[in-house]
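Take a look at the structure below.
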There are 2 protein chains.
Amino acid sequence: MERSVFFISDGTAITAEVVGHSVMSQFPVATVTHTLPFVESEARARAVREQINALAKQTGVRPVVFYSIVSPAVRQIIEQSEGFCQDVVQALVAPLEQELGMAPDPVAHRTHGLTATNLNRYDARIAAIDYTLAHDDGISLRNLDQAQIILLGVSRCGKTPTSLYLAMQYGIRAANYPFIADDMDDLRLPAALKPYHDKLFGLTISPERLAAIRDERLNDSRYASLRQCRLEINEVETLFRKNKINFLNSTNHSVEEIAAKIMDVLGVSRRMY
Amino acid sequence: MERSVFFISDGTAITAEVVGHSVMSQFPVATVTHTLPFVESEARARAVREQINALAKQTGVRPVVFYSIVSPAVRQIIEQSEGFCQDVVQALVAPLEQELGMAPDPVAHRTHGLTATNLNRYDARIAAIDYTLAHDDGISLRNLDQAQIILLGVSRCGKTPTSLYLAMQYGIRAANYPFIADDMDDLRLPAALKPYHDKLFGLTISPERLAAIRDERLNDSRYASLRQCRLEINEVETLFRKNKINFLNSTNHSVEEIAAKIMDVLGVSRRMY
């Protein structure tokens with residue numbers, strides 16, 4: 001039977017989701033999840049408590065509740081529910097209090113909120129998203145000196161999601177450049193990219209997976225044929241090797257893993273938002 | 001003095017980052033952070049331990065280390081460092097073991113990795129990103145029946161980052177539609193959007209902040225003038241009210257907060273990736 005799991009917070013509930021998801025993934029158990037953000041008032045907390053209790057009654061098993069709430073009064077209402085309640089942050093705050101020699105000073109929305117002190121950083125993040133969209137798929141090769149990362153690869157190998165993820169999560173200006181079928185006869189690194197060798201990173205993918213992805217888009221086309229996919233991947237990997245460009249096979253990796261690997265290999269520092 | 005903080009993991013280190021960042025944000029202390037993903041081998045763990053110890057020696061204060069590593073041998077090497085080490089997941093796993101009545105079965109990369117069982121969901125996420133890019137800024141009003149959320153607002157009020165965040169983090173197909181200056185004389189909800197009232201959500205922003213953002217893009221233009229920004233915001237908010245469209249002022253909110261609020265108000269369920 002699936003276990004009900006709640007992620008509850010007075011903010012976005014992202015922390016509760018990430019921690020709770022990570023903890024639950026340690027166990028071989030199927031879950032049904034409910035995320036409840038912005039539980040800031042006692043009235044909403046009471047409604048949430050009713051929801052938890054109703055589900056406990058209905059399923060006969062108490063739901064697991066991962067929560068993070070600053071207000072003691074609101075928090076207490078959730079803790080009084082019939083769920084199995086786990087504060088996702090508190091367990092780590094207590095030991096740190098001693099280590100840092102200072103009392104915690106919790107403020108709601110500090111983790112994923114916008115404040116005067118992080119507004120400049122936030123603007124930089126939005127600028128990175130703008131930059132990345134303007135340099136997606138080789139649309140523009142101007143201002144590549146401003147890129148922190150330039151991804152290379154064939155069509156539909158994962159360049160766009162990876163670039164956008166880097167910009168969105170880490171405020172990184174990530175351009176990307178596609179190698180297209182017409183280039184394959186005589187594949188070379190474009191002259192415009194050569195000055196930026198230390199920012200270049202290649203993505204590759206298994207021909208079978210690429211063919212499946214392309215077939216979704218253009219059914220039964222030459223573009224999606226396994227033969228064409230094999231040829232392109234082969235040419236591009238040869239180019240990466242010849243030009244000593246780091247590359248990664250994205251086939252079995254999520255966009256999170258690909259992004260983390262690229263930042264790690266290129267030594268680009270990660271900024272949290 | 002700034003405190004050094006490490007986020008270390010055998011995977012992407014996203015969980016360690018999110019938890020550690022959340023815990024540190026409870027304290028009024030400045031930090032310098034280092035994220036070290038893919039610490040999978042004992043050799044790399046030993047190098048990381050040296051890095052921590054060197055920093056401890058150099059600063060005279062032990063760094064705070066948030067970590068999550070499955071392999072006991074690798075984990076032990078980090079725990080033997082001179083950092084103040086906190087396992088970000090373990091503290092919550094033990095109590096849950098009892099509650100679930102089963103032993104944890106930890107597997108590296110399960111949290112943010114790609115497996116046969118989540119590949120379909122992953123494809124849906126990439127499809128959502130494709131959809132969102134194809135329906136950014138009113139580029140296409142086709143297939144709006146497939147949208148889960150349609151954002152409305154004036155140019156540069158935050159529609160694009162919010163749509164992309166919804167697609168990237170939650171696999172939501174989010175279209176967005178811009179009201180432009182030429183429409184302002186007689187602002188109406190486009191007929192193409194009317195059938196989708198329950199998916200519509202408006203974004204608004206303070207005229208001062210909008211003018212500052214636009215000025216970055218087009219310095220000293222009519223487009224960026226405070227007068228023009230005031231007029232557009234005023235017209236659009238009137239339209240939202242008249243058409244009973246939920247809306248949010250994005251001025252003081254991060255994209256995480258805006259996205260969480262929209263999903264909450266529209267009742268769109270959140271899927272974790």
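Which pairs turn up if I take residues in segment B:250-273 that are facing another protein chain (nearest Cβ under 9 Å) and without any contact (Cβ under 8 Å) to a residue 40 or more places away in the chain and look for partners that are of a type in the set (A, V, I, L, M) and part of a loop (DSSP other than H, G, I, E, B) with beta carbon separation below 9 Å, at least 6 apart in sequence or on another chain?
B:Asn252/A:Leu114; B:His253/A:Leu114; B:Ser254/A:Leu114; B:Glu257/A:Leu114; B:Ala260/A:Ala13
Just to verify a result, which residue in segment B:117-167, among those that are farther than 30 Å from B:Thr238 by Cα and either more than 9 Å from every other protein chain (Cβ to nearest Cβ) or over 20 Å from the mean Cα position of the chain (by Cα) (or both), is modelled with the highest pLDDT?
Per the stated criteria, the residue is B:Ala128.
Name the pairs: first residue in segment A:66-92 and over 23 Å from B:Met24 (Cα atoms), second residue modelled with pLDDT under 95, Cβ to Cβ under 6 Å, at least 6 apart or on different chains?
A:Phe84/B:Glu99
Condition first: within 25 Å of A:Asp10 (Cα to Cα), at pLDDT below 95, β-branched (Val, Ile, Thr) and within 25 Å of the chain's Cα centre (by Cα). Can you find one or more residues in segment B:241-254 that meet it?
For segment B:241-254, residues within 25 Å of A:Asp10 (Cα to Cα), at pLDDT below 95, β-branched (Val, Ile, Thr) and within 25 Å of the chain's Cα centre (by Cα): present.
With respect to A:Val88, determine if the residue is within 29 Å of the chain's Cα centre (by Cα), of a type outside the set (Phe, Trp, Tyr) and more than 10 Å from chain B (Cβ to nearest Cβ).
Numbers: within 29 Å of the chain's Cα centre (by Cα): yes; of a type outside the set (Phe, Trp, Tyr): yes; more than 10 Å from chain B (Cβ to nearest Cβ): no.
Spelling it out, it is not the case that A:Val88 is within 29 Å of the chain's Cα centre (by Cα), of a type outside the set (Phe, Trp, Tyr) and more than 10 Å from chain B (Cβ to nearest Cβ).
Looking at B:Ala174, is it surrounded by 19 or more Cβ atoms within 10 Å (Cβ to Cβ), away from chain A (no Cβ under 12 Å) and free of Cβ contacts under 8 Å to residues at least 24 places away in the same chain?
Details: surrounded by 19 or more Cβ atoms within 10 Å (Cβ to Cβ): yes; away from chain A (no Cβ under 12 Å): yes; free of Cβ contacts under 8 Å to residues at least 24 places away in the same chain: no.
Criteria not met by B:Ala174.
Kindly establish whether B:Leu166 is touching a strand residue (DSSP E or B) at 6+ places or on another chain (Cβ under 7 Å), assigned by TED's automatic domain parsing to the domain that holds B:Ile205 and surrounded by 24 or more Cβ atoms within 10 Å (Cβ to Cβ).
yes
Out of B:Ala181, B:Ala192, B:Ala224, which single residue is touching a residue at least 12 places away in the same chain (Cβ under 8 Å), in contact with a Phe, Trp or Tyr (Cβ under 9 Å, 6 or more places away or on another chain) and farther than 28 Å from B:Asp264 by Cβ?
Matching residue, one of B:Ala181, B:Ala192, B:Ala224: B:Ala181.
Please specify each residue of segment A:1-44 satisfying the condition of being among the charged types (D, E, K, R) and either farther than 23 Å from B:Phe66 by Cβ or at the interface with chain B (Cβ under 7 Å from one of its Cβ atoms) (or both).
Hits for segment A:1-44 are A:Glu2, A:Arg3, A:Glu17, A:Glu40, A:Glu42, A:Arg44.
Which of the residues spanning segment A:118-135 are under 15 Å from B:Tyr165 (Cβ atoms) and touching a residue at least 40 places away in the same chain (Cβ under 8 Å)?
Passing the criteria: A:Tyr122, A:Arg125, A:Ala128, A:Thr132.
Might you check whether a residue that is facing chain A (nearest Cβ under 7 Å), among the hydroxyl-bearing types (Ser, Thr, Tyr) and in contact with a strand residue (DSSP E or B) (Cβ under 6 Å, 6 or more places away or on another chain) occurs anywhere in segment B:65-77?
Checked segment B:65-77: no residue is facing chain A (nearest Cβ under 7 Å), among the hydroxyl-bearing types (Ser, Thr, Tyr) and in contact with a strand residue (DSSP E or B) (Cβ under 6 Å, 6 or more places away or on another chain).
Among the numbered conditions (1) in contact with a strand residue (DSSP E or B) (Cβ under 7 Å, 6 or more places away or on another chain); (2) surrounded by fewer than 14 Cβ atoms within 10 Å (Cβ to Cβ); (3) of a type in the set (D, E, K, R), tell me where B:Asp136 comes up short.
Here B:Asp136 clears every test but (2).
Provide a single number: the residues in segment B:55-74 that are under 26 Å from A:Glu17 (Cα atoms) and either touching a helix residue (DSSP H, G or I) at 6+ places or on another chain (Cβ under 8 Å) or among the hydrophobic types (A, V, I, L, M, F, W, C) (or both).
Matching residues across segment B:55-74 total 7.
Which ones in segment A:123-145 are among the β-branched types (Val, Ile, Thr) and part of a helix (DSSP H, G or I)?
Of the residues in segment A:123-145, the ones among the β-branched types (Val, Ile, Thr) are A:126, A:129, A:132, A:139.
Correct list: A:Ile126, A:Ile129, A:Thr132.
So which residues in segment B:221-253 are assigned to a loop (DSSP other than H, G, I, E, B), surrounded by 15 or more Cβ atoms within 10 Å (Cβ to Cβ) and in contact with a strand residue (DSSP E or B) (Cβ under 9 Å, 6 or more places away or on another chain)?
The answer is B:Asn243, B:Ile245, B:Ser250, B:Thr251.
The values are calculated or read from the model by the stated rules, or taken from the named source; none is laboratory data. Here the structure is a predicted model, which means the values were calculated and not measured. Quick reminder, even Gly has a Cβ in these numbers, built from the backbone with ideal geometry, and neighbours come from all protein chains shown.
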